[in-house]
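The values are calculated or read from the model by the stated rules, or taken from the named source; none is laboratory data. Every value quoted in this text rests on a predicted model; they were computed, and no experiment measured them. Neighbour counts are summed over all protein chains in view; Cβ atoms, including those assigned to glycine, are modelled from backbone coordinates with ideal geometry. All accessible areas refer to the heavy atoms of the entire protein, side chains included, with ligands and DNA or RNA removed. Shrake-Rupley method; radii C 1.70, N 1.55, O 1.52, S 1.80 Å.
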Amino acid sequence: MSELPTESDSVSCAEGVRALAEEQRSLAKVASALRPLPKLLESSDLVAALKKLAKLETKLAALGVASSRGLALVQAARREIELRRQHLRERLSTELIGECQSRGISLRVVSREEPVEVRIAPLSVVIDREKGRAELRFAKEPLAVCAADAKAILEAREEALAELQKGFDPAVFFTACQRAWRAAKSLGGPDAAERVELLQFLPQLALQMQSDSFRGRPSTKNYREYTRARFAFDVLQLQRAGKLVQGGQRLNFGVATGTSASNRNRSVWLENEQGEGEFKLTVYFTAAE
């Protein structure tokens, strides 16, 4: 015959329930603190991710006994990030070359110094293997950032090129440049020089490149950003199409020299497919034969 529970047994059960409830609350806090962990593992900046993991460890340590499981997960995440770094040092170059070859894309090493720079025409890719991130550039201007992974880099390249090429029309762009040049020139008064600085020209061109929606309702919502990289790429596309001369007029750019070349606000780097180019300071039109 089983014995009836005593009062001490009831007290023990109640304490056990309270202990479980307290443990549940502590685990909930740990789970809440660990929410950013999956995104940190996907981060395109491994240095920043490791710093955030260190802060997360400090936060978990303050949660007491229940934090041990959480700390184990953070340590596992740190090991995974270090393995990614090792993989980048040992395998990224080979994988990137292989991916480019399989897609019929040329790759040229521009700089082997960290961060490494390669040219996957017509874009440059600057790879920081310590951070685990890659930045795509054109005309020395940033276009996109992605993880330092061969497939991720080429996917980001395709997306950036699709955006740069979207809606380009040589005749429309040439006319927009003419109108922007005239507008910028008119701001200088009747004695303005034929050569207009790009610093005055680009804002006028950005307005010319807006959509009908912006013209009908000029607002921030309808404004489409027109960057220096987009301008430089549009010039490249115009050259590709052999349309620098239209309607008896030639589009020209004056070279930046000395201090004007070092002033990145005043000059724009115009380059070809392989990244060869020079800083330009002015824009002007001349009669073509």
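Using the Kirkwood formula on the Cα atoms of the chain, what hydrodynamic radius do you get, in angstrom to one decimal? Intermediate values should be presented prior to the final figure.
Values: mean 1/r = 0.0421 Å⁻¹.
For the chain, the Kirkwood estimate is 23.7 Å.
Tell me, what % of the accessible area of the chain is carbon and sulfur with a 1.4 angstrom probe? Write out the running numbers ahead of the final one.
Numbers: 8760 of 17080 Å².
The nonpolar share, carbon plus sulfur, comes to 51 percent.
Projected onto the charge dipole of the chain (+1 at Lys/Arg Cβ, -1 at Asp/Glu Cβ, origin at the Cα centre), which of Ala76, Asn252, Gly242 gives the Cα projection farthest towards the positive end?
It is Asn252.
How long are the semi-axes of the equivalent ellipsoid of segment 147-289, defined as square roots of 5 times the Cα gyration tensor eigenvalues? Whole Å, largest first.
For segment 147-289, the ellipsoid semi-axes come out as 26, 20, 16 Å.
Quick one: if the Förster radius is 30 Å, what FRET efficiency do Glu42 and Thr175 give, using the C-beta to C-beta distance and rounding to 0.05? Let's see the in-between values first.
Details: r = 44 Å, r/R0 = 1.48.
Computed FRET efficiency for Glu42 and Thr175 comes out at 0.10.
When only C-alpha pairs under 8 Å and at least 6 residues apart count, what is the relative contact order of segment 140-289, in percent?
Working: 174 pairs, mean separation 37.6, N = 150.
With pairs under 8 Å counted, the relative contact order is 25 percent.
Viscosity 1.306 mPa s, temperature 10 °C: give me the Stokes-Einstein translational D for segment 235-289 in µm²/s, with Rh taken as the Kirkwood radius over C-alpha pairs.
On the way: Rh = 12.2 Å.
Approximately 130 µm²/s, per Stokes-Einstein.
Excluding same-chain residues fewer than 8 positions from Lys140, which lysines have a Cα within less than 16 Å of its Cα?
Correct list for Lys140: Lys280.
Placing unit charges on C-beta atoms (Lys and Arg positive, Asp and Glu negative, everything else neutral), compute the dipole magnitude of segment 45-158 about its Cα centre in debye, rounded to 20. Could you put the intermediate results ahead of the total?
On the way: 22 positive and 17 negative charges, 58 e Å.
Dipole about the Cα centre, nearest 20: 280 debye.
May I ask you to derive the relative contact order of the chain, considering only C-alpha pairs under 8 Å and at least 6 residues apart, and to give it as an integer percent? If you can, show how the numbers build up before the last one.
Working: 367 pairs, mean separation 39.9, N = 289.
Computed value for the chain: 14 percent relative contact order.
Would any residue of segment 129-173 have its amide N under 17 Å from a label point 7 Å out along Cα→Cβ of Thr94? List them or say none.
149-151
Put +1 on the Cβ of every Lys and Arg and -1 on every Asp and Glu Cβ in the chain; which of Leu205, Ser12, Ser67 then has its Cα farthest towards the positive end of the dipole?
Result: Leu205.
So if each residue of separation counts as 0.36 nm, and I subtract the Cα-Cα distance between Glu130 and Cys13, what length gain in nm does that give?
Details: separation 117, 0.36 × 117 = 42.12 nm, distance 5.36 nm.
My answer for the length gained is 36.8 nm.
Using only the alpha-carbon atoms of segment 65-147 as identical scatterers, what base-10 log of I(q)/I(0) does the Debye formula give at q = 0.25 Å⁻¹?
Taking Cα atoms of segment 65-147 as identical point scatterers yields -1.25.
What residue among Arg103, Arg91, Arg264 shows peak mean-square fluctuation when the chain is described by a Gaussian network model with Cα springs under 10 Å?
Answer for the Gaussian network model of the chain: Arg103.
Between Val255 and Leu199, take the C-beta separation as r, use R0 = 22 Å, and let me know the FRET efficiency to the nearest 0.05.
Details: r = 15 Å, r/R0 = 0.69.
After rounding to 0.05, the efficiency reads 0.90.
Pop the C-beta distance of Leu20 and Glu57 into the FRET formula with R0 = 25 Å and round what comes out to the nearest 0.05. Don't skip to the answer; put the middle values down first.
Working: r = 26 Å, r/R0 = 1.04.
Computed FRET efficiency for Leu20 and Glu57: 0.45.
Which order do peptides 155-164, 184-193, 197-206 fall in by mean Cβ count within 10 Å, highest first?
Descending mean neighbour count gives 197-206, 155-164, 184-193.
Among the complete DSSP H segments of the chain, which ones combine at least 27 Å of alpha-carbon extent along their axis with a mean Kyte-Doolittle hydropathy of -1.0 or more?
Numbers: long enough: 7-33 (39 Å, -0.18); 67-102 (48 Å, -0.65).
Both cut-offs are met by 7-33, 67-102.
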